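The structure appears below as structure tokens.
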């Protein structure tokens with residue numbers, strides 16, 4: 001009987017250590033950060049893999065594949081958002097992976113400084129393009145504006161002044177697109193940081 005309790009305690013301690021380690025790994029994944037170096041300056045986003053796991057996984061695939069390097073902010077609307085991740089400096093769309101499932105009902109809101117996936121009118125159509133909200137955009141939270149909403153998956157944790165600089169650049173029509181910066185604002189690199 002004397003050996004039974006210590007064995008039980010050892011099993012309990014081992015299971016608690018396992019649980020603690022699993023929580024730490026999960027928290028680390030939930031706190032992944034991506035540093036964007038742009039022609040307007042640097043900013044860092046922190047991703048929320050706990051609330052938007054598929055979206056974060058998809059986004060990190062593009063980061064690891066260097067998809068965002070050389071893309072531009074191709075849609076800028078002050079008082080709304082800045083959008084990037086799909087077009088090169090000649091406004092040619094880059095090839096993408098398959099679309100992902102929309103995770104707009106995850107509790108994260110389209111607030112100033114949050115990063116969300118851009119999509120078409122089809123809910124499950126997001127691929128590589130993302131936008132950063134420059135104001136609180138309650139009208140993008142599920143179920144608005146079309147019954148589905150836009151999936152937030154993180155937030156800017158440093159460099160919001162760079163986003164504010166981008167939001168104020170002069171824009172116009174180019175290559176059949178509206179609200180395109182008249183001078184390219186390019187992403188020179190996007191990389192995972194700890």
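Computed from the coordinates by the stated procedures, all read-outs in this text should not be read as laboratory data. Fair warning: this is a prediction, and the values are worked out from it, not measured in the lab. FYI the Cβ positions are ideal-geometry reconstructions off the backbone, even for glycines, and counts take in every protein chain you see.
Quick rundown of the values:
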item: Cα-based radius of gyration of the stretch 31-193 once divided by 2.2 N^0.38 Å, which approximates compact folds; result: 0.93
item: Least to most buried among 185, 132, 122 (fewest other Cβ within 10 Å first); result: 122, 185, 132
item: Mean Cβ neighbour count within 10 Å, used as a protection proxy, ranking 94-100, 156-162 highest first; result: 156-162, 94-100
item: Alpha carbon centroid spacing (whole Å) that separates the stretch 34-59 from the stretch 175-191; result: 18 Å
item: Footprinting exposure proxy for 192, 115, 72 (fewest neighbouring C-beta atoms within 10 Å first); result: 192, 72, 115
item: Gap separating the Cα centres of the stretch 60-85 and the stretch 111-173, nearest whole Å; result: 10 Å
item: Added length on full extension, which subtracts the Cα-Cα distance from 0.36 nm per residue, residue 111 to residue 146; result: 10.8 nm
item: Full-stretch length increase - residue 192, residue 139 - with 0.36 nm per residue and alpha-carbon distance subtracted; result: 16.0 nm
item: Computed over the stretch 56-106: relative contact order in percent, which uses C-alpha pairs under 8 Å that are six or more apart; result: 25 percent
item: Extended-chain gain in nm, criterion 0.36 nm per residue less alpha-carbon gap, residue 46 and residue 175; result: 43.2 nm
